[in-house]
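The values are calculated or read from the model by the stated rules, or taken from the named source; none is laboratory data. Model, not experiment: these values are computed from the prediction. Cβ placement follows ideal geometry from the backbone for every residue including glycine, while neighbour counts extend to all protein chains displayed. Remember, those area values only see protein heavy atoms, side chains included, never the ligands or the DNA or RNA. Shrake-Rupley method; radii C 1.70, N 1.55, O 1.52, S 1.80 Å.
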Amino acid sequence: MASKVKVACAPVPRPDALSLPGAMGENGFRIATNKEAYLMNAQASVSTADLPQDSLLHRHVADGDFLDCYRVRSSMKARPAAEIIVAFPGWAQLLLRLRRLVTAPFGLSNDGPIASDKLGIFPVETDTGDEVVAGFNDKHLNFRVSVLARDGFVHCATWVHPHNIGGRIYLATILPFHILIVRDSLRRVVKSELVAG
């Protein structure tokens, strides 16, 4: 009968200083490599943050608007990070298909406007190299997403300006799913960077 291997994992500061695979520690625990430990702790490393003051997203924000921001430690540039963020996994795509069915009778956009530069369905408004802002104005609300890479972090921020009660109800309804999707997206940025490295 094959014996089970226990894995001990502790937070580590860097993913690049790898220990030897299969090394055994005290009490029969296999010592996780730094890379494994970093991957296992990627979820915990996503945190809420203040949007940097020089972000271009601030030019949209007015009183009463919704604005959130999450960040993760990563050296990835803004555009590649944004491309990973909008490459939704299967469960998130299922939620978006459900949204399409629910919102279709109200005439809301599901594919975004035509544009020469898009991230997923989102037209790119600005790409400065260290920040990408994308999104569009819809019947019920205006929204933009910013992906900003700076000082060893990737920030993902979302701004929403509801036009009416329908927009506010829509925002309140999708907010829990929005948070799940954004946090998962930033974890995928970290994982993609580690796999590539």
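Counting the residues of segment 18-72 that are in a strand (DSSP E or B), of a type in the set (D, E, K, R) and modelled with pLDDT of 60 or more gives 2.
Among the residues of segment 153-172, the one identified as touching a helix residue (DSSP H, G or I) at 6+ places or on another chain (Cβ under 9 Å), open to solvent by 40 Å² or more (accessible area, probe 1.4 Å) and part of a helix (DSSP H, G or I) is 170. Applying the criterion of being more than 22 Å from residue 142 (Cβ to Cβ), in contact (Cβ under 8 Å) with a residue 24 or more places away in the chain and more than 9 Å from the chain's Cα centre (by Cα) to the residues of segment 81-91, the residue that is most open to solvent (accessible area, probe 1.4 Å) is 83. Checked across segment 92-112, the condition of being open to solvent by 50 Å² or more (accessible area, probe 1.4 Å) and at pLDDT 80 or above holds for no residue.
Listed conditions (1) touching a helix residue (DSSP H, G or I) at 6+ places or on another chain (Cβ under 9 Å); (2) part of a strand (DSSP E or B) are all met by residue 136, apart from (1).
Test residue 146 against the criterion of being over 20 Å from residue 64 (Cβ atoms) and surrounded by 16 or more Cβ atoms within 10 Å (Cβ to Cβ), and give yes or no.
Details: over 20 Å from residue 64 (Cβ atoms): no; surrounded by 16 or more Cβ atoms within 10 Å (Cβ to Cβ): yes.
When the stated conditions are applied, residue 146 does not pass them.
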